[in-house]
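Comments concern the structure below.
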């Protein structure tokens, strides 16, 4: 009789040691790796099953001291792994690579050892945050855009001074990932600063475009202003006439000037302002500063005019006028001389 009670006791003990736990939600970034945490009490003969709930799709299995992926769902092939060197310490966490929108949902982590069983449920939310907002102006149209976002973003415009501008933009989806774009037609004679904010979930970014200012200088050195962002600055780019890169700087690293401009760049101030030297009329034009941090991008435009370049042109014209007068006098003298010689020859011929 005692022998017949042992299996019953073992069954009751096994059932008693099976525990259930509903874990919290994990946020995974699309196309990046994500860890689904799961732990258990260490023991011998570890068995681990990761299962997508509620459709019961096998995600990853481990038993007999090795991975068992023969029955793994096709969508997970080549994308999952365990931290096998930590299983003996009770770590059954799953590494999920190249996270997709379809990975959103609930997963069950089942673990079993000689000491008991455990089930843990993990919810996954996926997102692709707004990483960059591009704003640019061409003629009388200003455009704001961003790509690779999930879930669907929201776009809003604002101006300084305030005005009634509303355009939520057009959404485009590529494999459930959103791109957004909005354009405004600017009114003639109205100078405003424009800001565009794109947000989704917990993340928002703003890009601002500031109306151009004029800078007139009478010497070969000047400092061009840049609208500073709150520190820490992540990127700084200066361009000339929207085509030539003057310099760029990433984070706290020293700036790198292009070969064409390195002798002209004297300093970059902490605010991002640019000091140039050895300027000439060749450097008249539009200077654009793009400065970014983790939350916003600010684009500042300045039109630079070297006033002494006009003075040099006037001086050159005066010199040319002077030379023309000299040449005219020389030619006039030569003509008078030729005329005198001709009259002398005619007089000799008559005599």
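Taking the number of other C-beta atoms within 10 Å as the exposure measure, put 103, 160 in order starting with the fewest.
160, 103
Starting with the fewest neighbours, write out 96, 192 ranked by other beta-carbon atoms found within 10 Å of each beta-carbon.
192, 96
With the contact rule set at Cα under 8 Å and sequence spacing of 6 or more, what percent relative contact order holds for segment 103-260?
16 percent
So what is the relative contact order for segment 211-321, in percent, with contacts set as C-alpha pairs under 8 Å and at least six apart?
About 37 percent, as a whole number.
Quick one: 55, 284, fewest Cβ neighbours within 10 Å first, how do they rank?
On the way: 55 8, 284 15.
Listing 55, 284 from fewest to most nearby Cβ atoms yields 55, 284.
Could you work out the relative contact order of segment 128-201? I mean the mean sequence separation of Cα pairs under 8 Å and 6+ apart, divided by the number of residues, in percent.
That works out to 40 percent.
Report, in whole Å, the centroid distance computed from the Cα atoms of segment 56-108 and segment 216-242.
50 Å
No lab work stands behind these numbers, since they all come straight from the coordinates. All of these numbers come straight from a predicted model, not from anything done at the bench. Methodologically, a virtual Cβ is constructed for each residue, glycine included, from the backbone with ideal geometry; neighbour enumeration extends over all protein chains shown.
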